[in-house]
Amino acid sequence: MHESGKTLNNTRRIVLTGLFTACAFAVNIAESAFPMPLPGVKLGLANAVALCALVLLGAKEAFIVTLLRVFLSWLASGNVFSLACSLGGAVPAVAVMSLLYGKLSDDLSMPWISVAGAWAFNAGQIAVVSYIVKDLRIAFYILPLLVAGTAAGWATGLLAQSVCKKLGGKINEDIDRQ
Amino acid sequence: MKRGDRIMALITGAGALMMAAGLLMRGPENTASARTAEIVVGGQVLHQIALNGRPREIRVETPEGFNIIKTDGRGAAVISADCPDGSCIRMGRITRPGTSAVCLPHRLLLRIRDKRGNGEVDSVTW
């Protein structure tokens, strides 16, 4: 929509991706300061940022934002098992959300796409955790996680939707999608 | 509401109903039977402690750090650890056979088993 050349456009994308990454990292750190009733239960605000990146920039950028955010958090915690746990949750979540948004965005509204991402997050994370501690029965812990994940996913999806509307226009228009 | 939204809402509703049914069918907490707390690090069982009422505190050193586990007649809990997230401590005391508390950074698992050696699959803490 702008007359700007491709180089400027690329620069703009890189800057926006960096901004989203910084934002995701910041909310990730901030929300880890809030005590949660059960381990593994969290609001997942970083996933909301990834969903915004997915809608406003594209699937590739959403993956970049998520991967960079996970590795930045790893620098903060420094534990390789925590890294595996974060990756095991965040990567399936972004993959599912990208797929659903890419294929079914006419049929699914953002809160439900976010809920599906939360489910993928819970499933991936519990799989990684039960593999790391070598105990399959941990997998039953997915039930309380799914309950919390559905609520949290819905809330963050709603948040992401309103952010995308503010940034991208009335119909979730892309601010910079190729 | 879009078509896919309705499908997703239906899946969520069905899942919620199934979980509610599972919660209702769950038996009363059985602390009378003989239970053991197991401490597992990296897939290896390090300690097996009978939950027979005598309080015990065990300090476990893992390659990544330490955890202190307290057991008594009611259950077992991780009461202290030097891991960055502390989720094993937030899990609180676990009592039912089949439940566990995980310290992921240390690859440590604390789980309750009953006398048969297996946790009942129905028992999940929420």
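The values are calculated or read from the model by the stated rules, or taken from the named source; none is laboratory data. Values in this document were obtained by computation on a predicted structure and should not be read as measured data. FYI the Cβ positions are ideal-geometry reconstructions off the backbone, even for glycines, and counts take in every protein chain you see. Just the protein is used for accessible areas: all its heavy atoms, side chains included, with ligands, DNA and RNA removed. Shrake-Rupley method; radii C 1.70, N 1.55, O 1.52, S 1.80 Å.
When the stretch A:118-139 is limited to residues that are touching a helix residue (DSSP H, G or I) at 6+ places or on another chain (Cβ under 9 Å) and open to solvent by 50 Å² or more (accessible area, probe 1.4 Å), the one that is farthest from A:V80 (Cα to Cα) turns out to be A:W119.
In this structure, B:L10 qualifies as open to solvent by 70 Å² or more (accessible area, probe 1.4 Å), in a helix (DSSP H, G or I) and within 14 Å of chain A (Cβ to nearest Cβ). In summary, A:G44 fulfils each of the numbered conditions (1) on the phi < 0 side of the Ramachandran plot; (2) of a type outside the set (A, V, I, L, M, F, W, C); (3) in contact with a helix residue (DSSP H, G or I) (Cβ under 7 Å, 6 or more places away or on another chain) with the single exception of condition (1). All told, A:L143 falls short of being in a helix (DSSP H, G or I) and within 14 Å of the chain's Cα centre (by Cα).
Yes/no matrix, rows are residues, columns are (1) open to solvent by less than 30 Å² (accessible area, probe 1.4 Å); (2) at pLDDT below 85; (3) touching a helix residue (DSSP H, G or I) at 6+ places or on another chain (Cβ under 9 Å); (4) away from chain A (no Cβ under 11 Å):
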{"position": "B:M19", "(1), (2), (3), (4)": "no, no, yes, no"}
{"position": "B:L24", "(1), (2), (3), (4)": "no, no, no, yes"}
{"position": "B:A34", "(1), (2), (3), (4)": "no, yes, no, yes"}
{"position": "B:R59", "(1), (2), (3), (4)": "no, no, no, yes"}
{"position": "B:T71", "(1), (2), (3), (4)": "yes, no, no, yes"}
{"position": "B:C83", "(1), (2), (3), (4)": "yes, yes, yes, no"}
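Residues in the stretch A:144-162 that are closer than 30 Å to B:H106 by Cα and either among the aliphatic types (A, V, I, L, M) or more than 9 Å from every other protein chain (Cβ to nearest Cβ) (or both): A:L145, A:L146, A:V147, A:A148, A:G149, A:A151, A:A152, A:G153. The sole residue among A:T17, A:T11, A:T66 that is assigned to a helix (DSSP H, G or I) and without any contact (Cβ under 8 Å) to a residue 40 or more places away in the chain is A:T11. Count of the stretch A:79-100 residues, restricted to those that are open to solvent by 30 Å² or more (accessible area, probe 1.4 Å) and within 13 Å of chain B (Cβ to nearest Cβ), is 8. Among the residues of the stretch A:23-32, is any surrounded by fewer than 22 Cβ atoms within 10 Å (Cβ to Cβ), under 18 Å from A:A148 (Cβ atoms) and among the aliphatic types (A, V, I, L, M)? So far as the stretch A:23-32 goes, yes, one or more of its residues are surrounded by fewer than 22 Cβ atoms within 10 Å (Cβ to Cβ), under 18 Å from A:A148 (Cβ atoms) and among the aliphatic types (A, V, I, L, M). Among residues of the stretch A:127-143 that are over 16 Å from A:G89 (Cβ atoms) and more than 7 Å from every other protein chain (Cβ to nearest Cβ), those with a Cβ under 8 angstrom from a residue that is small (G, A, S) and open to solvent by 10 Å² or more (accessible area, probe 1.4 Å), sequence gap 6+ or separate chain, pair up as A:L136/A:S130. A:L45 meets all of the listed conditions (1) modelled with pLDDT under 95; (2) open to solvent by 50 Å² or more (accessible area, probe 1.4 Å) but one, namely (2).
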